[in-house]
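Have a look at the structure below, then the notes.
The values are calculated or read from the model by the stated rules, or taken from the named source; none is laboratory data. Owing to the predicted nature of the structure, the values given are computational and were not obtained by experimental measurement. We place every Cβ from the backbone using ideal geometry, glycine too, and count neighbours over all the protein chains shown. These accessible areas exclude ligands, DNA and RNA; they are computed on the full protein's heavy atoms, side chains included. Shrake-Rupley method; radii C 1.70, N 1.55, O 1.52, S 1.80 Å.
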Protein chains: 2
Amino acid sequence: MTAMNTQWRLAARPVGLPKPSDWEYVEEPAPEPSDGQFTVQLEYLSLDPAMRGWMNEGRSYVPPVGIGEVMRAGGIGRIVDSRHADYGVGERVFGVFGVQRFAISDGAGVMRVDTTLAPAPVQLGVLGMTGLTAYFGLLDIGRPEPGQTVVVSGAAGAVGSVAGQIARIKGCRAVGIAGGPEKCEWLTQELGFDAAIDYKRGDLRAQLRECAPDGVDVYFDNVGGEILDEVLRRLARGARVVICGAISQYNAEQPPKGPANYMQLLVMRASMTGFLVFDFAKRYPEGVAQLAKWLQSGELRSREDVVSDGLDKFPEVFLMLFRGENTGKLILQLTEDGP
Amino acid sequence: MTAMNTQWRLAARPVGLPKPSDWEYVEEPAPEPSDGQFTVQLEYLSLDPAMRGWMNEGRSYVPPVGIGEVMRAGGIGRIVDSRHADYGVGERVFGVFGVQRFAISDGAGVMRVDTTLAPAPVQLGVLGMTGLTAYFGLLDIGRPEPGQTVVVSGAAGAVGSVAGQIARIKGCRAVGIAGGPEKCEWLTQELGFDAAIDYKRGDLRAQLRECAPDGVDVYFDNVGGEILDEVLRRLARGARVVICGAISQYNAEQPPKGPANYMQLLVMRASMTGFLVFDFAKRYPEGVAQLAKWLQSGELRSREDVVSDGLDKFPEVFLMLFRGENTGKLILQLTEDGP
């Protein structure tokens, strides 16, 4: 192989939204696999809000990306060279291969991707970590019961759009919170949410009162900040708040604002619980099977926002997540030929 | 009866710490019971941080005390007049009789008090709502396991001192957070806490690291504010945070500060759950029986801070709670003869 690899490495710990100077673009000859390794040519990168957290110093559920290291990201690619007994050239695989064109892997944490089941972008979305996060977070942590009201923030995002649909499938009243009329219309018209709240329209309190007249039994939170605070005011007795993310706070330059109304947990005998999808790894097959079944029956819709600008534009495309510019799963396509 | 009743009524909704002008002192002839009612002469009033919340306007787990109404409080007294078939003169009873000398009751929510089991102050403390709050909050919501680290804030207060002792009885490492060396010494020397943290000494973070080297498995929170925020930084994986109270915020004139580090719930796959003892009413007999057994065996110690200044001084004595001036259960004694 004489191909060139290109990479985005972390150059500095961002303060606020990542700037161009926080990244280093590196071009170098593509690496060769050693014994027991293979080379993946990346086709699709999964762009996720959680990546912003990995760029920060400090204790978290995974170590931070080091300065000078290739930025961490999940992706799907094709094996183009192999000295690994179990993986052959031409196979499609998912793994945390990083923001680069070619990655070397020994197979650790790698999963085969069957694109006869669904196209690669769907496998990064509804049938990937995104769908599994919604599935286990909503069902195992949120424990919604038929007839209950489930409110999802970041509802037009990758995880939120799946969580709300699962709530609807389970017989709940699904209420989504999103920014702007187009997203809200998509939620109610296309995804079957019972109601949508446009937080950009203002008066979140009145909108919540109208859309969740009996209170909120399950709140699946992707955003944190003021929206979390308002929903806490509207909890029903025994409510479960699922902490999946806090995108409104990821680029905050001030220490994050805590939920001032957290004492509603006492008033309403409610709980707030954080989770990570990785803890459900043993049950991924169950989750994927169920999600695939819903997808096939048409009960669950998948939407990927695939940006085909290629690797060069990664820093800009990544910011779409924090500007609310994506609808559904944001994916960066690296190759032109597609799945 | 020709005795005079004296009452403290709520005159205004306090801003910050209640001021003298927020109360109205009323003297009027003691009421006479109608058919199906009895009159209680109050002997001991339970003074609790939660009473401050009842003085505020707005949605909570009980309606606020109305302006002009007798301040709500639990208490123990003796029946001095009765036209009720089930309650006779001379019986000792507990009920939410209010901050007054004589109360009329139809028996709703009233419990008989057996002072051969323990003196009346203990029945308002360890064997009353206080002990039951610690019992159900720690065991049912916190679910501590032997060997785990249980941290209790407000540990020298009425509920905290019992919660920490139950943690110790259950084989946990009990760590108390309290204000000042005397309280801390009381926790470790008298109550058998494994360690105590004096938050007034400063550097709470370092003290927590030292006292909970393996992280905090259960945090029983009575105070909220900065202490809650620091403990969240130190949660162990799968930790349970029990929200029992937030005394540091009850007199805040600004909107309360939310726990800025709540995303540690996600990092540590932890939960934060609020509860109210009233929801366990059916299991009170179980709780009282167990607490009495521990008390009798000497495993559990009771301490009441009985102030015998009488009803006149109620507004001042009530403030002791928020100034950290009581150790153990704060009780106002109204009669001189005692139990």
* Structure fact -> The residue that is farthest from the other protein chains (Cβ to nearest Cβ), considering only those in segment A:236-256 that are assigned to a loop (DSSP other than H, G, I, E, B) and within 22 Å of the chain's Cα centre (by Cα), is A:N251
* To do: Evaluate segment B:308-318: report whether one residue or more is on the phi < 0 side of the Ramachandran plot, within 14 Å of chain A (Cβ to nearest Cβ) and among the basic types (K, R).
  => no
* Kindly provide the set of residues from segment B:199-231 that are touching a Pro at 6+ places or on another chain (Cβ under 6 Å) and either in a helix (DSSP H, G or I) or open to solvent by 10 Å² or more (accessible area, probe 1.4 Å) (or both), ordered by number. => B:L228, B:D229
* Asked: Among the residues of segment A:132-140, is there at least one that is at pLDDT 95 or above and in a loop (DSSP other than H, G, I, E, B)?
  -> no
* **In segment B:46-61, the residues that are open to solvent by 20 Å² or more (accessible area, probe 1.4 Å) and aliphatic (A, V, I, L, M)** => B:A50
* Structure fact -> Within segment A:13-45, residues open to solvent by less than 10 Å² (accessible area, probe 1.4 Å) and among the hydroxyl-bearing types (S, T, Y) come out as A:T39, A:Y44
* Asked: So which residues in segment B:51-79 are farther than 16 Å from B:L311 by Cβ and of a type in the set (G, A, S)?
  -> B:G53, B:G58, B:S60, B:G66, B:G68
* Hey, B:R173 more than 21 Å from A:P255 (Cβ to Cβ), within 13 Å of chain A (Cβ to nearest Cβ) and either open to solvent by 10 Å² or more (accessible area, probe 1.4 Å) or charged (D, E, K, R) (or both) or not -> no
* What are the residues in segment A:62-87 that are within 14 Å of chain B (Cβ to nearest Cβ) and surrounded by fewer than 17 Cβ atoms within 10 Å (Cβ to Cβ), if any? -> A:V62, A:P63
* **Boolean, B:M55 is over 24 Å from B:Q123 (Cβ atoms) and touching a residue at least 40 places away in the same chain (Cβ under 8 Å)** => yes
* Can you tell me how many residues in segment B:301-317 are more than 22 Å from B:T188 (Cβ to Cβ) and either hydroxyl-bearing (S, T, Y) or crowded, with 16+ Cβ neighbours inside 10 Å (or both)? -> 7
* Asked: In segment A:1-112, which strands (runs of 3 or more DSSP E) lie fully inside it and hold 3 or more residues that are closer than 30 Å to B:Q264 by Cα and touching a strand residue (DSSP E or B) at 6+ places or on another chain (Cβ under 9 Å)?
  -> A:4-10
* Residue tally, condition in a helix (DSSP H, G or I), open to solvent by 10 Å² or more (accessible area, probe 1.4 Å), within 10 Å of chain A (Cβ to nearest Cβ) and closer than 23 Å to B:I247 by Cβ, over segment B:258-300 -> 3
